[in-house]
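These notes are about the structure you will find just below.
FYI, it's all coordinate maths here, none of it is from the lab. These numbers were taken from a predicted model, which means no experiment stands behind them. In this analysis, Cβ positions are derived from the backbone assuming ideal geometry, glycine residues included, and neighbour counts consider all displayed protein chains.
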Amino acid sequence: MLSLRHIAIIMDGNGRWAKSKGLERFLGHRKGTESTISAVEKGVDLNLEHLTLYVFSSENWNRPEREINYLMNLLVEMVDQELPNLMEKDVLLKIIGDLSKVPNKAQKKLANAVEKTKNNSGMQLNLAISYGGRQEIISACQKIAQKAKDGIIEPDRINGEFFAKHLYLGSAPDPDLVIRTGGEHRLSNYLLWQAAYSELYITDTLWPDFRKEDFQEAIDFYHTRQRRFGGVIDE
């Protein structure tokens, strides 16, 4: 059976879910939090090392201000609500992305949760907030270029492993599986470096309807795959 250490999820479809039921988009986001909680529980059940969730992209700042404010307030609410559960499940929380645009209240809540969970030794839950894959790669290049300029490193030290350590997730294993809900067939600027050889699972299920049974279907799909990484597997 294939090893499964890291799963990443593009949680798509909250707005479409709400529209299909004649509801405001905000209610789709709120309903989607139930699926987020379910996904974290499933990740713990699977004994994953990492679960990475695409919470808010760098492009999402282009949405209407009212929706952005709602999402930021919902984020604060969820951190407060779920922190005891993360502690109980021994989950370590990490935030990846450029938080400079995130409101101070949300930043403080996130920082507090990260600090509270820092000694937990179970699954690492990575929340991608104000995250963009291209921006992450540019940031890593800037860090490495500065080190080279300062004489800390020589150019011939720069290889794939060295580069990856300057990304947000550092030395974490690349995702074995990327799940996308909502039926769209694209990565949407998500983990562009790390997902180079990830298995991709696309489901039409909208995120608010995605539950543990749907998660298990993605796992079952993953175990049907042959992971060759450009090589050949003997028949």
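Results for (1) under 19 Å from residue 206 (Cβ atoms); (2) within 15 Å of the chain's Cα centre (by Cα); (3) basic (Lys, Arg); (4) buried (at least 19 other Cβ atoms within 10 Å of the Cβ), shown as yes or no for each residue.
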{"residue": "2", "(1), (2), (3), (4)": "no, no, no, no"}
{"residue": "15", "(1), (2), (3), (4)": "yes, no, no, yes"}
{"residue": "19", "(1), (2), (3), (4)": "yes, no, yes, no"}
{"residue": "22", "(1), (2), (3), (4)": "yes, no, no, no"}
{"residue": "37", "(1), (2), (3), (4)": "yes, yes, no, no"}
{"residue": "45", "(1), (2), (3), (4)": "no, no, no, no"}
{"residue": "50", "(1), (2), (3), (4)": "no, yes, no, yes"}
{"residue": "55", "(1), (2), (3), (4)": "yes, yes, no, yes"}
{"residue": "61", "(1), (2), (3), (4)": "no, no, no, no"}
| Long-range neighbours under 8 Å by Cβ, at least six apart or interchain, first residue in contact (Cβ under 8 Å) with a residue 60 or more places away in the chain within the stretch 131-142, second part of a helix (DSSP H, G or I) | 131/58; 132/58; 132/59; 135/58
| residue 171 is checked against (1) more than 30 Å from residue 19 (Cα to Cα); (2) in contact with a strand residue (DSSP E or B) (Cβ under 7 Å, 6 or more places away or on another chain) and fails just one. What number does that condition carry? | (2)
| query | If you scan the stretch 62-108, which residues turn out to be in contact (Cβ under 8 Å) with a residue 12 or more places away in the chain and assigned to a loop (DSSP other than H, G, I, E, B)? | reply | 89, 90, 91, 97, 98, 102, 103
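Give the residue that is farthest from residue 10 (Cα to Cα), with candidates limited to residues of the stretch 160-203 that are among the basic types (Lys, Arg) and surrounded by fewer than 17 Cβ atoms within 10 Å (Cβ to Cβ). Let's see the steps before the verdict.
Taking the stretch 160-203 as the starting set, the residues that turn out to be among the basic types (Lys, Arg) are 165, 180, 186.
Checking which are surrounded by fewer than 17 Cβ atoms within 10 Å (Cβ to Cβ) leaves us with 165, 186.
Details: 165: 23, 186: 10 Å.
Here the residue is 165.
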| task | Pull up the stretch 1-19, narrow it to residues that are of a type in the set (D, E, K, R) and not in a loop (DSSP other than H, G, I, E, B), then point me to the one that is nearest to residue 186 (Cα to Cα). | result | 16
| remark: A careful count of residues in the stretch 38-61 that are in contact with a Phe, Trp or Tyr (Cβ under 8 Å, 6 or more places away or on another chain), part of a helix (DSSP H, G or I) and over 23 Å from residue 4 (Cα atoms) gives 1
| message | Quick check on the stretch 137-152. Is at least one of its residues within 23 Å of residue 190 (Cα to Cα), in a helix (DSSP H, G or I), of a type in the set (Gly, Ala, Ser) and under 21 Å from the mean Cα position of the chain (by Cα)? | response | yes
| query | part of a helix (DSSP H, G or I), touching a Ser or Thr at 6+ places or on another chain (Cβ under 6 Å), touching a residue at least 60 places away in the same chain (Cβ under 8 Å) and on the phi < 0 side of the Ramachandran plot - does that describe any residue in the stretch 195-207? | reply | yes
| field | Answer from 227, 186 - the residue that is in contact (Cβ under 8 Å) with a residue 40 or more places away in the chain, under 25 Å from residue 2 (Cβ atoms) and not polar (S, T, N, Q) | value | 227
| said: For the stretch 14-29, which positions are within 15 Å of residue 67 (Cα to Cα) and either of a type outside the set (D, E, K, R) or in contact (Cβ under 8 Å) with a residue 12 or more places away in the chain (or both)? | reply: 14, 15, 16, 18, 23, 25, 26, 27, 28, 29
| note | Reported set for the stretch 109-124 where residues are among the basic types (Lys, Arg) and assigned to a helix (DSSP H, G or I) is 109, 116
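Within the stretch 124-138, how many residues are crowded, with 23+ Cβ neighbours inside 10 Å and in contact with a helix residue (DSSP H, G or I) (Cβ under 7 Å, 6 or more places away or on another chain)?
Number satisfying all stated conditions: 3.
One line per residue, one yes/no per condition, for (1) among the aromatic types (Phe, Trp, Tyr); (2) within 21 Å of the chain's Cα centre (by Cα):
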{"site": "154", "(1), (2)": "no, no"}
{"site": "162", "(1), (2)": "yes, no"}
{"site": "177", "(1), (2)": "no, yes"}
{"site": "198", "(1), (2)": "no, yes"}
